Amino acid sequence: MFCYKVLAVVTKKNQVTIYLSDQVRDRVKAIADRERRSFSFIAEELLIKGLEAKETGDKGKE
């Protein structure tokens, strides 16, 4: 019996420019290198996690 992991496919993405300090850029790049992922993938992942944490935290304040 085989178990397959299903990944969501995003078909449309918007390009944005984000200005990062050298320190933040280096930290994101280090994570990307360590996980063997692209810089963009890690940046998007961190933004999503940050947004989810922010939204969860905001709900707790209501």
Any residue in segment 11-28 that is surrounded by 11 or more Cβ atoms within 10 Å (Cβ to Cβ) sitting within a Cβ distance under 8 Å of a residue that is part of a loop (DSSP other than H, G, I, E, B)? List the pairs, counting only those 6 or more apart or interchain. Val28/Leu20
Are any residues in segment 30-39 open to solvent by 100 Å² or more (accessible area, probe 1.4 Å) and assigned to a helix (DSSP H, G or I), and if so, which ones? Arg34
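The values are calculated or read from the model by the stated rules, or taken from the named source; none is laboratory data. What you are looking at is a predicted structure, and each value in this text was computed from that prediction instead of being measured. When we count neighbours, we look across all protein chains shown, and the Cβ atoms used for this are built from the backbone with ideal geometry, even at glycine. Just the protein is used for accessible areas: all its heavy atoms, side chains included, with ligands, DNA and RNA removed. Shrake-Rupley method; radii C 1.70, N 1.55, O 1.52, S 1.80 Å.
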